[in-house]
Amino acid sequence: MMYYIEDQIAHFVLDNGKMNVLTPQTYKEFYHFLKDFEINPEARAGVFYGAGYAEGRSFCAGDDIKNKYRPERTRQQELEAFLFLHQNEGEEPSRPGWEEDVYRHRRYKPIVGAVSGYCLGAGLACLLQHSDIRIADPTSKFGLPEVAFGAAGLSAVTRLSQHLAPADAAWMALTGEFIGARDAERIRLINEVVDTENLIPRALEVAKLIARHPPTAVRVEMEALEIGQAMDRYDAARFGQQLYKLHRTNYEGYGSKEGFFADRTKTRGS
């Protein structure tokens, strides 16, 4: 996986063959890149995409299932590997391993996902966990095919029912069928469909729209989105009010129009 920061935007780029499949090493790198992204003041937003999209390579077709990354273990060793991730990993990451850290990582900086080609299984899980706005091109296909092979459970990892209406989430999780870009846009799995040549430029454009805003304000909104969705309406309203008041106290001249708008950035039409 590649990672770099340019013009306040962090680039997370999957780069592993035509299908950009995920390996234990990819997960390990992704986790550490996410950690750097969170603490690096040079990065205000991110974009997440697959290398070679212009040449027909996919965003990510999921985990690499052709190669064996799970060493032979006794049941006791398997339990210990699950409970104490990484302690016996040695030089080569294995499974279970860093995928747990990637899926559990709580992120408070926004990422724009850009999808071309297949986005399947664990690739879709990573997209939903680590992008907040999603752009796709007409070639993109989304799906959770694991159910057909008896390897189910990713609908929980992706929190699919929180992203989609229940019937749409059930369709994807239970049929294992793929959906195209227009259907993904219709059910709001993605935000926009653009031509392939405009995929990354559009993702960067959206990321820069976010990056121009005060980082504290973006951080507060990200926390409100993340935590508020797990609350009922009453608790969410109270939580939002407290966040709003806390944020306003950071401005010199609290309670005045001048203080509140001192760090305001221009928006469209202003």
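May I ask you to verify whether HIS247 is modelled with pLDDT under 85, outside any strand (DSSP E or B) and buried (at least 16 other Cβ atoms within 10 Å of the Cβ)? Working first, answer last.
Numbers: modelled with pLDDT under 85: yes; outside any strand (DSSP E or B): yes; buried (at least 16 other Cβ atoms within 10 Å of the Cβ): yes.
Judged against the criteria, HIS247 is a match.
Here the stretch 183-197 is the region considered, the condition is being free of Cβ contacts under 8 Å to residues at least 40 places away in the same chain and at negative phi, and the residue that is surrounded by the fewest Cβ atoms within 10 Å (Cβ to Cβ) is ARG186. In this structure, is ASN40 out of contact with any helix residue (DSSP H, G or I) (no Cβ under 7 Å at 6 or more places or on another chain) and polar (S, T, N, Q)? Yes: the conditions hold for ASN40. Among the criteria (1) closer than 21 Å to PHE30 by Cβ; (2) β-branched (Val, Ile, Thr); (3) surrounded by fewer than 23 Cβ atoms within 10 Å (Cβ to Cβ), the one VAL112 does not fulfil is (3).
How many residues does the stretch 203-212 hold that are surrounded by 18 or more Cβ atoms within 10 Å (Cβ to Cβ) and not aliphatic (A, V, I, L, M)? The qualifying residues number 0. Close Cβ contacts (under 7 Å, 6 or more residues apart or on different chains) running from residues in the stretch 82-109 that are at pLDDT 85 or above and β-branched (Val, Ile, Thr) to residues that are surrounded by 18 or more Cβ atoms within 10 Å (Cβ to Cβ) and assigned to a helix (DSSP H, G or I) comprise VAL102/TYR27; VAL102/PHE30; VAL102/TYR31; VAL102/CYS126. If the condition is being closer than 15 Å to LEU22 by Cα and among the charged types (D, E, K, R), then the stretch 94-145 contributes ARG95, GLU99, GLU100, ASP101.
This table checks each residue for (1) surrounded by fewer than 13 Cβ atoms within 10 Å (Cβ to Cβ); (2) more than 20 Å from THR196 (Cα to Cα); (3) assigned by TED's automatic domain parsing to the domain that holds GLU100.
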{"site": "GLN8", "(1), (2), (3)": "no, yes, yes"}
{"site": "LEU14", "(1), (2), (3)": "no, no, yes"}
{"site": "ALA43", "(1), (2), (3)": "no, yes, yes"}
{"site": "PHE48", "(1), (2), (3)": "no, no, yes"}
{"site": "TYR53", "(1), (2), (3)": "no, no, yes"}
{"site": "CYS60", "(1), (2), (3)": "no, no, yes"}
{"site": "ASN67", "(1), (2), (3)": "yes, yes, yes"}
{"site": "GLN76", "(1), (2), (3)": "yes, yes, yes"}
{"site": "PHE84", "(1), (2), (3)": "yes, yes, yes"}
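Only helices (runs of 4 or more DSSP H) whose full extent lies in the stretch 114-223 are considered here, and the ones with at least 3 residues that are assigned by TED's automatic domain parsing to the domain that holds ILE9 and of a type outside the set (Gly, Ala, Ser) are 122-129, 160-163, 166-175, 181-186, 199-211.
The values are calculated or read from the model by the stated rules, or taken from the named source; none is laboratory data. These numbers were taken from a predicted model, which means no experiment stands behind them. Please note: Cβ atoms are built from the backbone with ideal geometry, for glycine as well, and neighbour counts cover all protein chains shown.
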